[in-house]
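Notes follow once the structure below has been shown.
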Amino acid sequence: MNTGEMSVGNMGSNIVQNYTVMGDSVNLASRLEGINKEYGTRIVISEFTYNDVKEAFTAREIDRVRVKGKLEPVRIFELVCEGAAKDKTAELMASFQMGYDLYHQKRFAEAKEVFEKAQSNWGAEEPVSQLYIERCQEYLDSPPPPDWDGVYVMKTK
């Protein structure tokens, strides 16, 4: 999901028209829909939508991505629940956040340990933590360049 300006209405020529929606905000929303598959999530929202719903919903930041066709990175969030997270969910989110912060500080060995612990405490496979475990291992095997900014570049639409 994404929030932003877009054009909505009948578009086309005098001969053929379709009711549609167009604009950069729509394109980003479309890219986010595809991101769900890669992260194993059900609902991903952009930072723009998060800013509008953060008082009513709990979401966790899961990455900073640069989608195909865009230069500026976008923070993306997984929508977790309506209202405040409770008990185990809040604890697991805090654990994930710790790993996420360590990852962005290039402390990949520590981050990997935190994500592995979060993964085991989740009680079931937690695909976002698993993704970060794999990324941390890749960076431990082959460190990122010095100018690495932690932004993941999406290669597909």
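Readers should treat all values here as calculations from the given coordinates under stated rules, not as data from a laboratory. These numbers were taken from a predicted model, which means no experiment stands behind them. Here the Cβ is made from the backbone with ideal geometry for all residues, glycine too, and neighbour counts use every protein chain on show.
Beta carbons within 10 angstrom, averaged per residue: use that to sort the peptides 52-60, 128-136, highest first. Present the calculation step by step, with values, prior to reporting the outcome.
Details: 52-60: 15.0, 128-136: 20.2.
The packing order, highest mean first, is 128-136, 52-60.
Taking V80, V67, V16 in turn, the Gaussian network model of the chain (Cα-Cα springs below 10 Å) assigns the largest fluctuation to V16. The distance from the alpha carbon centre of the stretch 24-75 to that of the stretch 93-157 is 18 Å, rounded to a whole number.
Between helix 24-39 and the chain there is an angle of about 40 degrees, using the helix long axis and the longest principal axis of the Cα atoms.
When the Gaussian network model of the chain links Cα atoms closer than 10 Å, the mean-square fluctuations of K112, K68, K86 top out at K86.
Kirkwood hydrodynamic radius (Cα pairs, Å) of the stretch 7-153? Can you show the working numbers first?
Details: mean 1/r = 0.0590 Å⁻¹.
So the Kirkwood estimate lands at 17.0 Å.
Against the main long axis of the alpha-carbon atoms of the chain, helix 127-141 sits at an angle near 60°. May I ask for the angle, rounded to the nearest 10°, between helix 108-122 and the longest principal axis of the chain, with both axes built from Cα atoms and the value confined to 0 to 90°? Result, in degrees: 80.
Of the residues Q97, A118, Y152, the one whose Cα sits farthest towards the positive end of the charge dipole of the stretch 92-157 is Y152 (charges of +1 on Lys and Arg Cβ, -1 on Asp and Glu Cβ, taken about the Cα centre).
Neighbour counts of other C-beta atoms within 10 Å: give me W148, W122 arranged from fewest to most. All intermediate terms of the calculation are to be shown ahead of the outcome.
Working: W148 11, W122 18.
Ascending number of Cβ neighbours within 10 Å: W148, W122.
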